[in-house]
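The values are calculated or read from the model by the stated rules, or taken from the named source; none is laboratory data. Just so we're clear, the structure is a prediction, and the values are computed from it rather than from any experiment. As a convention, Cβ positions derive from the backbone with ideal geometry for all residues, glycine included, and neighbour counts pool all protein chains shown. In case anyone asks, the SASA skips ligands and DNA or RNA and just uses the protein heavy atoms, side chains included. Shrake-Rupley method; radii C 1.70, N 1.55, O 1.52, S 1.80 Å.
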Amino acid sequence: MFDKVNDSRRGFLVKLGMVFNGLVASALAVPVGRYLLSSVTRSRSNSYLSWVSLGQVSDFPEGETRLAVYRNPQSKQWDGDTAEIPCWVRRVDTESFQVFAINCTHLGCPVRWFQESRLFMCPCHGGAFYEDGSHASGPPPRGLFQYEYKVESGELKVLGGHLPNLSEPLKKDEV
């Protein structure tokens, strides 16, 4: 008689354990499955990109490099100051500019412009970049990342909403 009771209790607990394990496996399978399929299901649209004003062209004298700030077009109201994206703007001549991301290409530290030496310098690991953004010395693997820009009605605009990097450089044909 006791064997029948133990068998039914054991059978019940085994079935209960199988149900519980199935629920846990299902709960873990959803995020893992989404991660594995993300590269297939991820949207490739550039709807998050938009042209953002850096200011009037006259704000950037020819032959000089200046710090400019724009508001990230993907930002929310509660983002506060973190939505302000700095960039370096170099006016090459009357009609051409270079707009550099402020981040070093080594580990992302913010670079500073030194007018006296005409170099961008990274304070973290000693990376240096020439005024045209090309790599001068130190551990960075390449020159500074550049934003796409355009001049419209006397206003300098950059393509905001995307920080170019080695894995996702911004190309003109993406816009």
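Summary table below
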| read-out | value |
| --- | --- |
| Qualifying residues in the range 81-98 (those that are open to solvent by 30 Å² or more (accessible area, probe 1.4 Å) and aliphatic (A, V, I, L, M)) - the one nearest to residue 60 (Cα to Cα) | 92 |
| Search result, residues across the range 122-152 that are hydrophobic (A, V, I, L, M, F, W, C) and more than 21 Å from the chain's Cα centre (by Cα) | 128, 136, 151 |
| Scan of the range 132-145 for residues that are open to solvent by 50 Å² or more (accessible area, probe 1.4 Å) and either more than 28 Å from residue 50 (Cβ to Cβ) or at pLDDT below 90 (or both), ordered by number | 135, 137, 139, 141, 142 |
| Filter result for the condition that a residue is under 22 Å from residue 142 (Cα atoms) and surrounded by 14 or more Cβ atoms within 10 Å (Cβ to Cβ), over 67, 107, 119 | 119 |
| Number of the condition not met by residue 127 [criteria: (1) surrounded by 12 or more Cβ atoms within 10 Å (Cβ to Cβ); (2) under 30 Å from residue 153 (Cβ atoms)] | (2) |
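Conditions (1) modelled with pLDDT of 90 or more; (2) more than 14 Å from residue 151 (Cα to Cα), marked per residue:
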site: 43; (1), (2): no, yes
site: 48; (1), (2): no, yes
site: 56; (1), (2): yes, no
site: 68; (1), (2): yes, yes
site: 71; (1), (2): no, yes
site: 79; (1), (2): no, yes
site: 83; (1), (2): no, yes
site: 90; (1), (2): yes, no
